[in-house]
1. Tally Lys/Arg at +1 and Asp/Glu at -1 over every other residue whose Cβ is under 12 Å from the Cβ of SER118; what's the total?
2. Provide, for q = 0.13, 0.14, 0.16, 0.18 Å⁻¹, the log10 of I(q)/I(0) from a solvent-free Debye sum over equal Cα point scatterers in the stretch 36-178.
3. For a protection proxy built on the mean count of beta-carbon atoms within 10 angstrom, sort 127-140, 98-111 highest first, please.
4. About the Cα centre of the stretch 36-178, how large is the charge dipole given +1 on each Lys and Arg Cβ and -1 on each Asp and Glu Cβ? Please answer in debye to the nearest 20.
5. If amide hydrogens are placed 1.01 Å from N in the peptide plane, which non-local residues have theirs closer than 5 Å to the one on LYS49?
6. Quick one: length gained pulling ASN42 to SER66 fully straight, 0.36 nm per residue minus the C-alpha distance?
Amino acid sequence: MTALSKRPFLLIVSLFALSLFHVACGYHLVGTSSFLPEEYQNLFIERMKNNTSWPDLGQRMDEALSREWVRRRRFQLVESRDQAQIVLEGSIQSISMLPVQLDERGRATQYQMTLLVSARLIDPRGEEPKVLWEDKAFSRRTSYDVDASSANYFDRQIQAMEEVSEELSRALVTAVLEGF
C-alpha cells in the first residue's frame, strides 16, 4: 500500500472510531434520557405548597407539572402517595414582578416575572425517604409588555404567570430526568 492509498483507509477508521466514541460517551438529546433507574415506574406529584400571596399560583404549577410529566411519558402518574415509588414534592417560594422598561413618563411598559420554587424527588418507600434529586432555588423568568392605561393590564400578568409556570415545569422535569 502506498502512502496515498492509506489515507482513505485511515479516514474511514478515524470516522468509525469517532462515531463509537459518541455512542459510548452517553451523548443524548436533552430531556430524552433519565438518570433514574428503570425500577421507578409510578410517580405521585404532591400539591405545591404556595408561600406567595397569589392563591391560584399553586394550582397553575400543579397542572403545568402534571401536563409536563404526562407529555414526557417516563412515569405513570398515580393518585396517591401510597401507590408511588417516587414522589415529587415542593413549594413555591416566591413570585416577583419588576419593571424592566419605562416609557417617557416613567410608567412601566415591560415587567419581568420571576418564579422561584424548591423541589425534590424522593423515594418514600423506606424508613427514611431517599432523596433522588433536589433543588432549593429553582427559578425561571419571563418578560411581558403592558400598557398602563389599558384594561388588560392584569390579563397580561395572568398570561405571564401561565407562561412562567409552563417554562418552569418543562425545565424542572428536564432537570429531574437528567439529574442536574
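1. Details: positive: LYS49, ARG120, LYS136; negative: GLU89, GLU134, ASP135.
Every neighbour counted, the sum reads 0.
2. -0.60, -0.68, -0.83, -0.98
3. Numbers: 127-140: 13.5, 98-111: 11.9.
For the peptides 127-140, 98-111, the packing ranking is 127-140, 98-111.
4. Numbers: 19 positive and 25 negative charges, 21 e Å.
In debye, rounded to 20, the stretch 36-178 gives about 100.
5. Counting only residues 5 or more places away or on other chains, the set is GLY90, SER91, ILE92.
6. Details: separation 24, 0.36 × 24 = 8.64 nm, distance 1.30 nm.
Length gained, ASN42 through SER66: 7.3 nm.
Read the figures in this text as sums done on the coordinates, not as results from a lab. Bear in mind that the values here come from a model prediction, so they are computed numbers and not experimental data. Every residue, glycine as well, gets a Cβ built from its backbone with ideal geometry; the counts of neighbours run over all protein chains shown.
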